[in-house]
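Undergrad: Before I ask anything, let me first share the structure, which is written out below as structure tokens.
The values are calculated or read from the model by the stated rules, or taken from the named source; none is laboratory data. Not measured: the values here are computed from a predicted model. All Cβ positions, even for glycine, are placed from backbone atoms using ideal geometry, and neighbour counts span all protein chains on display. These accessible areas exclude ligands, DNA and RNA; they are computed on the full protein's heavy atoms, side chains included. Shrake-Rupley method; radii C 1.70, N 1.55, O 1.52, S 1.80 Å.
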Amino acid sequence: MSEAVEKILANYAGEPPAVIGNLRRMLNYGRIGGSGKLVILPVDQGFEHGPARTYGPNAAGYDPRYHASLAVEAGCNAYAAPLGFMEAIAHEYAGELPLILKVNNSDSLGGPDQPCSALTSSVKDAVRLGCSAIGFTIYPGSELRNRMYRQIRDLIREAREAGLPTVMWAYARGKMSKQGETGIDVIAYCAQIACQLGAHIVKVKPPTEFVEYDVSKPLYEKIPHATLAERIEHVVQSAFDGKRVVIFSGGAAKDTASVLADIQAIHDGGGFGSIVGRNAFQRPRAEGIELLHAIQDIHTGKKTV
Ligand code: FBP
């Protein structure tokens, strides 16, 4: 038993043992298993952004098997993907690599609709595929957010009955400025909403110093948020004072030094880990693995940059 993992799981004591068991599995799997930190590989960008933008930089990624094997070889705690990718690999990886079925997705085609993902798979699919969790995206800020909140209310209940925890992508999008989508007040609010909706693991983007709402401005004069580490600390506090696992996304591909500097700040601010897609699978395989290892080492405190 890992003390760090059990300390985290004590915050989920009201959950059924099967849900806790799946959280324990993800926290204990992989190269940093048992550390209390998580590094997850998400590959839903083919759906979200299109194939050429997603796999073009490293064409090996057109093959669904590439990503699951990358997650294993790099020692990630889990792999998240939509139904099609999951169905293509689950027979080989279920029971080994913890799998997170992304049950809603949105594409980048079509008009300027308010952001709202479509339900693209179900809790039953997640059980059939041997997954350890479901994944769901909410867009706080969208005019359609209440529809997504109702959907996840029902899905969390169903997933819990099936013994599956929920990983929630909480991305502000819609009726706010572009800068506001990653503003500190907005990201902290997204983390809080996800926790209140019952998410077991929350995923948000690293926040910037920007403050979107006038009502927030005087408040943030008193909340330290000049550095990324300070902002991470505030987001973790907003996720039930650190009693929910909150992890941070990697973002569009960028140079290694910038990625690692962000990871160091996430670690310093008390973040629970990272979910890094494009920065991992768009690099040549060996480089992607090397980067994921460096990310893991920073999160566990083995390496500093
Ligand atoms: P990345 O590390 O590639 O940013 O992946 C994390 C992620 O949350 C994906 O799961 C999702 O498809 C993507 O970010 C969304 O990115 P964006 O907000 O740029 O569309």
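Undergrad: Just the residues that are open to solvent by 10 Å² or more (accessible area, probe 1.4 Å) and within 12 Å of the ligand (Cβ to nearest atom), please, taken from the range 269-280.
TA: Passing the criteria: only ARG278.
Undergrad: Of all the residues that make up the range 251-268, how many are within 14 Å of the ligand (Cβ to nearest atom) and either more than 19 Å from PRO284 (Cβ to Cβ) or touching a residue at least 60 places away in the same chain (Cβ under 8 Å) (or both)?
TA: Selection size over the range 251-268: 5.
Undergrad: Same structure, new question: For the list (1) crowded, with 21+ Cβ neighbours inside 10 Å; (2) among the polar types (S, T, N, Q); (3) within 17 Å of the chain's Cα centre (by Cα); (4) within 15 Å of the ligand (Cβ to nearest atom), I need the number of the one condition that ASN22 fails.
TA: (4)
Undergrad: Mind checking which helices (runs of 4 or more DSSP H) fall wholly inside the range 49-141 and carry at least 1 residues that are within 14 Å of the ligand (Cβ to nearest atom) and under 20 Å from the mean Cα position of the chain (by Cα)?
TA: Counting at least 1 such residues, we get 51-55, 64-73, 83-93.
Undergrad: Taking THR137 as meeting all but one of (1) farther than 24 Å from ALA188 by Cα; (2) in contact (Cβ under 8 Å) with a residue 12 or more places away in the chain; (3) not basic (Lys, Arg), write down the number of the exception.
TA: So THR137 meets the others, but not (1).
Undergrad: Going through the range 81-99 one residue at a time, which ones are under 24 Å from HIS49 (Cβ atoms) and among the charged types (D, E, K, R)?
TA: GLU87
Undergrad: Might you let me know whether the range 281-301 holds any residue that is touching a residue at least 12 places away in the same chain (Cβ under 8 Å), in a strand (DSSP E or B), more than 12 Å from the ligand (Cβ to nearest atom) and under 18 Å from the mean Cα position of the chain (by Cα)?
TA: no
Undergrad: When residues of the range 290-305 are filtered for being among the hydrophobic types (A, V, I, L, M, F, W, C) and either over 20 Å from ILE100 (Cβ atoms) or open to solvent by 60 Å² or more (accessible area, probe 1.4 Å) (or both), how many remain?
TA: The number of residues fulfilling the criteria is 4.
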